[in-house]
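The values are calculated or read from the model by the stated rules, or taken from the named source; none is laboratory data. Quick caveat, the model's predicted, so the values are computed rather than measured. Neighbour counts are summed over all protein chains in view; Cβ atoms, including those assigned to glycine, are modelled from backbone coordinates with ideal geometry. Ligands, DNA and RNA are stripped out before the accessible areas are found, and what is left, the full protein with its side chains, is counted by its heavy atoms. Shrake-Rupley method; radii C 1.70, N 1.55, O 1.52, S 1.80 Å.
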Amino acid sequence: MQLNRDEEAILAGEKGEGGRKAMELLVALGDIYGAERLVPISSAHLSGVSYKTIGEGGIGLLEEMSSARVCVPTTLNPAGMDRRRWEEMGISPRFADRQRHIIECYERLGVTSDCSCTPYLGTNVPKRGQHLAWAESSALSFANSVIGARTNREGGPGALAAAIIGKTPEYGLHIEANRAPAVVIEVEGEDIDYSMLGQAAGAIAGARIPYFRGIRPTIDQLKTLAAAMAASGSVAMFHVEGITPEAGSFSIAGLERVTIGHREMAAAREKVNTGSDPELVAFGCPHLSVDEIRQLAAMLKGRRRQGDAEVWFCTSRHTLAACPKEAKELERFGKLVCDTCMVVTPIEERFKCTATNSGKACNYLATLCSQKVVFRDAKGLVELIS
Ligand code: F3S
């Protein structure tokens, strides 16, 4: 990879040890992926925040970077606990202590700590064509697909290095030609469950870019679809005919074609449903939007709380502040949980079976949280608790 004089100076340590380490990582990534140069980024979004996932090793790496500062707007993914309600979540004081330390490390680097996987809903909103370094699989897929910004599927350290340098190696989805679809997915049927469509489509697409026909998803449904495909496959970008901004930019002639209908979605649903008696019912993966909170409040209005499962509505503080009245309605049924989610907090220490309406959560609750999973759509979850 070619570096200019400034970049060479950073690599030589002339701007501090944190900058040198960050540049070294970017150069290594660029060399692995065949990038010719670094490209300036408009923002970064970092994963690797929960103490549950990064542990002491991750804290050590963050401490090593402490002399550096990010130089573009940079946001953080969910942490391992709600910073205000951690005791109610059953988090131990030691975990809380280490979690706070991680967030402080990021804050010292200049990172904004809203701790949400939906920064594109308010705290970090990219524009079409901007280059980014984002490291949350659902958010980066949304940014690429729905907004038309350009980011690879970054890991936490790569995104942090890019945030410190303000640049990222130019390869993969930063290059126009690599944003072309590779498989056409024809969707059949009405009343599509976007979690299960994403679950089925991600398994077919793998790491390829799918091009959907036959659906007209809302923004929230696109967010659900992006998340599910990022987990059941490793989809970092998709197109929806007539909806997403770059869908019309590429020809789909000659591409493999696959049909997904209710049969395939029912099969996906059957596969993820491994439990029957949830101890935790968790909404909000990705974090609930204002519209989703309003819809849930409308569904729950006039109903009574039933059952003894714990109930969480996971969202960002930014979103929560925008709908306090509806949030109050939800509080009659469970906890509004911010800064975290059902996957990155240590639920396995308290629960064995969790209900969700998220395709992404279905995958990770089983693999990262040792949970039996009950999958229902949002209405189905409402029926479980009222
Ligand atoms: Fe967000 Fe957690 Fe789901 S980070 S996308 S709510 S697994």
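Accessible surface for the chain, divided over its residues, is 41 Å² per residue with a 1.4 Å probe.
Comparing 50, 370, 316 in a Gaussian network model of the chain, where Cα atoms under 10 Å apart are tied by springs, the biggest mean-square fluctuation is seen for 370. Largest accessible area first, the residues 15, 335 order themselves as 15, 335 under a 1.4 Å probe with ligands, DNA and RNA left out. When DSSP beta bridges are restricted to pairs lying wholly in the chain, around 10% turn out antiparallel. Neighbours of residue 303 by Cβ distance under 15 Å: Lys/Arg scored +1, Asp/Glu scored -1, total +2.
Note on residue 15: lysines with a C-alpha under 28 Å away, same-chain residues under 8 apart excluded, are 167.
Taking the 1.4 Å solvent-accessible surface of the chain as the whole, the part contributed by carbon and sulfur is 48%. Using 27 Å as the Cα-Cα cut-off, could you pick out the over-long pairs in 52/328; 301/372; 21/360; 52/335; 52/325? Those over the limit are 52/328; 301/372; 21/360; 52/325.
For segment 311-323, backbone phi angles converted through the Karplus equation (6.51, -1.76, 1.60; θ = phi - 60°) give residue-by-residue couplings of 10, 10, 10, 8, 7, 9, 4, 4, 5, 4, 5, 8, 9 Hz, Gly and Pro being listed as x. All other residues whose Cβ lies under 10 angstrom from that of residue 138 are scored, Lys and Arg at +1 and Asp and Glu at -1, for a net of +1. Rounded, prolate or oblate: which fits the chain, taking a ≥ b ≥ c as square roots of the Cα gyration tensor eigenvalues, rounded meaning a/c under 1.5, else prolate when a/b beats b/c? Cα axes put the chain in the oblate bin. Here's the list of aspartates and glutamates a cross-link from residue 127 could span, going by alpha-carbon distance under 17 Å and ignoring same-chain residues fewer than 8 apart: 176, 246. Each Lys or Arg adds one and each Asp or Glu takes one away; over the other residues whose Cβ falls under 13 Å from the Cβ of residue 246, this sums to +1.
Once you reduce segment 105-142 and segment 175-213 to the center of their Cα atoms, the two points are 23 Å from each other.
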